[in-house]
């Protein structure tokens, strides 16, 4: 499905389509292009925070099958700009869980997440991680794709995160780190049911990556997450 065929819905509160910035529109177009037929993309109107929805049209018998060419990964040149150096950011989330075997990468992630206000917990095995998540709430989970030695295919931890109940998953910022991933590539994150993907080579700039990814995620999807939480709590 081509992103150019996307038509923004009219916000019932504002009486007009949402006035998205260029970067917000690009993220919505990327996510819309990746939707399966009949699936919906939820996001918030930036003017009034009203939840909005875009639904991909279902397949038709007469329509030819079009091959979707995904957009290229975003440019990372902005990370070399001094204006985008990471700043300390307070957070009220309970904690962050890191699953990474490499000591240097684990230390880098721990230092950055600690600076952002997370209480960091390191897991040495999937069993340990799953056990601690039963009793402690985490606002962030960072998983290296080779933590279990065989990539994400067959990964117990990744499968656990993918199948978490929405009442739990909605509050977790799920980060995947790996040698085959592309940093800040929204389509790749969507494909893996994650919130953010980070290439190993960009870990030295992990703080800058998070300074861009977390606020963008909260700005676009935060109101929907809050509303979903209210609806589920009311049941």
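Of these, 147, 206, which one is in contact (Cβ under 8 Å) with a residue 40 or more places away in the chain and closer than 30 Å to residue 21 by Cβ? Walk me through it before giving the result.
Values: 147 fails: closer than 30 Å to residue 21 by Cβ.
None of the others qualify; the one that does is 206.
Which one is modelled with the highest pLDDT among residues in the stretch 72-100 that are assigned to a loop (DSSP other than H, G, I, E, B) and under 16 Å from residue 181 (Cβ atoms)?
Only one residue fits best here, namely 100.
The values are calculated or read from the model by the stated rules, or taken from the named source; none is laboratory data. Computed from a prediction, not measured in an experiment: that's the story for all the values here. Methodologically, a virtual Cβ is constructed for each residue, glycine included, from the backbone with ideal geometry; neighbour enumeration extends over all protein chains shown.
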